[in-house]
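Below is one structure, written out as structure tokens, with a few remarks after it.
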Amino acid sequence: MALSGLEIYKLLPKTNCKECGFPTCLAFAMKLAQKQAELSACPYVSEQAKEALAAAAAPPIRLVTIGEGEHKVEVGNETVLFRHEKTFYHPPGIFLRLKDTDDVAARAGPALAYSVERVGMTLDLNGVAVENASGSPETFAACVQKVRSLSSKPLILMSNDVKALRTALAVEGGKRPLLYAATPENWEAMAALAKETGLPLAIRDGDLDGLAALTEKLKAAGVEDLVLDPGRRDLLETLHVLTHLRRLALRKNFRPLGYPVITFPGEGASDPLDEMVVAAEHVAKYAGLIVLDHFSPSLLYPLLTLRLNLYTDPQKPIQVSPGLYEIGSPGDKSPLLVTTNFSLTYFTVAGEVEGSGVPSWLLIADSEGMSVLTAWAAGKFDAEKIAKTVKEYDAASRLAHRKLVIPGYVSSLLGELEDELPGWEILVGPREAVDLPNYLKNVWRP
Ligand code: SF4
């Protein structure tokens, strides 16, 4: 649990020597508590104090990384029970289970190839969980190798047999898969494998006391990156246990259960639609990794959208970068339209302009992610800001005309903008993006 400024102060030398850049040790402690200073700025902190502060600064839910590079999945390190308290940081990784007896190309191929764009972001599956259903290490390894030939996305290797896991690891490609799972029966061999390879390890026990005891044993054996499977599969039971685990970690700072959780929605709900309902619950509360048994674009899309929406910072609207965007292949006689950098505004306007078939220049002003009316009311999308954006991105150099179309909702800016942009004709466009195609085709003239 984080320490208060006064608690940190008690661990400092209290000499007020100012070498840290702050006038007193107390001032430095307060900044440390607010995470606005680094402990290393004080050269006189004792080793004992360093250890105490480091332990207090450790996240209540450990951050665990599965996979490598652009596809890596980071889970854990959450700090709140409810998104509105601050934000959720690490979206759950969504995996598809593949049995090593399945046809790899037919089952995993379409799932791995699936991706969809939404508000400028790519939504897709995070990886594949390969299960050693055959019981044969060789079949398991062959399946892992085939999946690897399709994708470098993270894998979860599912087998209770350490020999099968070793055989699969030899062909996995060294991309940091998750090993699943250590149990009360096999934990020593699993711990040895996880320690030797430095890989994250999932542990399964249907009893929370047993799960906590297992994490303690694995930590003592030198395995730090753990993922918990509390073994519940029923919708209500899973909700209870995942909420309980999150509360224990955050409210009680109970370290033995301070790890991300893996869930298997399809094991409690065999119908694909029911499975997605359970998975949606796990996205909201509080899975770190979700392994699905079914893949269907029409069911995965809402799940990915839900995840995207829950794992955005409620205090920061999704934004696009300000700038001058080409929609189609505009020329010097094409229209120039201006709007704000709220993602939904940008993609709605860009979509309508593209749909109109009239190539255009779309100038995006920095409104701190607010939509047109909100930004105007907050003084973030006024005549001065628009004129500054026109000049900053040198819109005039792309045009033979000097006409700027502003959103209908800010028509009141017309007079002021004409003063800010002498020589420009300011045109008032439609209020709603949906009316842009008609405006561009029938009203706009260069
Ligand atoms: Fe106190 Fe250390 Fe800062 Fe000196 S450098 S004022 S001892 S916190």
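The values are calculated or read from the model by the stated rules, or taken from the named source; none is laboratory data. A quick note: this is a predicted structure, and the numbers were derived from the prediction, not measured. Cβ: placed from backbone, ideal geometry, glycine included. Neighbour counts: every protein chain shown. The accessibility values were calculated without ligands, DNA or RNA, using every heavy atom of the protein model including side chains. Shrake-Rupley method; radii C 1.70, N 1.55, O 1.52, S 1.80 Å.
Quick notes on this one:
- In segment 53-69, the condition of being within 16 Å of the ligand (Cβ to nearest atom), surrounded by 13 or more Cβ atoms within 10 Å (Cβ to Cβ), on the phi > 0 side of the Ramachandran plot and over 21 Å from the mean Cα position of the chain (by Cα) is met by no residue.
- VAL353 surrounded by 15 or more Cβ atoms within 10 Å (Cβ to Cβ), modelled with pLDDT of 95 or more and over 34 Å from the mean Cα position of the chain (by Cα): no
- Segment 61-77 residues that are without any contact (Cβ under 8 Å) to a residue 24 or more places away in the chain, paired with ones that are open to solvent by less than 10 Å² (accessible area, probe 1.4 Å) and part of a strand (DSSP E or B) (beta carbon under 9 Å, 6 or more apart): GLU74/VAL64; GLU74/ILE66; GLU74/GLY93; ASN77/VAL64
- Residue pairs whose Cβ atoms lie under 7 Å apart, separated by 6 or more positions or on different chains, with the first residue in segment 113-131 and of a type in the set (Lys, Arg) and assigned to a strand (DSSP E or B) and the second modelled with pLDDT of 95 or more and open to solvent by 40 Å² or more (accessible area, probe 1.4 Å), do not occur.
- Only one entry of LEU165, LEU179, LEU214 meets the criterion of being more than 26 Å from LEU112 (Cα to Cα) and among the hydrophobic types (A, V, I, L, M, F, W, C), and that entry is LEU214.
- Residue match in segment 313-335 (condition: among the hydroxyl-bearing types (Ser, Thr, Tyr), at pLDDT below 95 and touching a Ser or Thr at 6+ places or on another chain (Cβ under 9 Å)): no
- Residue count for segment 394-434 under the criterion of being under 34 Å from the mean Cα position of the chain (by Cα), open to solvent by 40 Å² or more (accessible area, probe 1.4 Å) and touching a residue at least 60 places away in the same chain (Cβ under 8 Å): the result is 1.
- Restricting the first member to segment 225-236 and to residues that are over 23 Å from THR65 (Cα atoms), and the second to residues that are acidic (Asp, Glu), the beta-carbon pairs closer than 6 Å and six or more apart or on different chains are ARG233/GLU267.
- The single condition from (1) under 15 Å from GLY76 (Cβ atoms); (2) surrounded by fewer than 22 Cβ atoms within 10 Å (Cβ to Cβ) that GLU267 fails is (1).
- Look at segment 21-43: where a residue is of a type in the set (S, T, N, Q) and a partner is within 8 Å of the ligand (Cβ to nearest atom) and part of a loop (DSSP other than H, G, I, E, B), sitting 6+ places away or on another chain with Cβ atoms under 9 Å, you get THR24/LYS14; THR24/ASN16; THR24/LYS18.
- Summed over segment 42-51, the residues that are closer than 30 Å to GLY258 by Cβ and either open to solvent by 70 Å² or more (accessible area, probe 1.4 Å) or near the ligand (Cβ under 7 Å from one of its atoms) (or both) give a count of 6.
- Residues that are part of a helix (DSSP H, G or I) and hydroxyl-bearing (Ser, Thr, Tyr) were ranked within segment 2-40; the one that is surrounded by the fewest Cβ atoms within 10 Å (Cβ to Cβ) is SER40.
- Here the condition is being open to solvent by less than 50 Å² (accessible area, probe 1.4 Å), within 25 Å of LEU303 (Cβ to Cβ), modelled with pLDDT of 95 or more and of a type outside the set (Phe, Trp, Tyr); of ALA202, ALA194, ALA142, ALA133, it holds for ALA202 alone.
- Residue within segment 77-96 that is in contact with a Lys or Arg (Cβ under 6 Å, 6 or more places away or on another chain), closer than 27 Å to ASP293 by Cα and not polar (S, T, N, Q) present: yes
- The helices (runs of 4 or more DSSP H) found wholly in segment 187-305 and carrying at least 1 residues that are in contact with a Lys or Arg (Cβ under 7 Å, 6 or more places away or on another chain) occupy 187-197, 235-251, 272-284.
- Selection status of LYS175, part of a loop (DSSP other than H, G, I, E, B) and open to solvent by less than 30 Å² (accessible area, probe 1.4 Å): no
- All conditions but one from (1) within 16 Å of the ligand (Cβ to nearest atom); (2) touching a Pro at 6+ places or on another chain (Cβ under 9 Å) apply to GLU38; the one that does not is (2).
- Check on ALA168, within 25 Å of ALA287 (Cα to Cα), open to solvent by less than 50 Å² (accessible area, probe 1.4 Å), among the hydrophobic types (A, V, I, L, M, F, W, C) and touching a Leu at 6+ places or on another chain (Cβ under 8 Å): no
- Segment 6-35, subset within 27 Å of THR79 (Cβ to Cβ) and either of a type in the set (Ser, Thr, Tyr) or touching a Lys or Arg at 6+ places or on another chain (Cβ under 8 Å) (or both), residue nearest to the ligand (Cβ to nearest atom): CYS25
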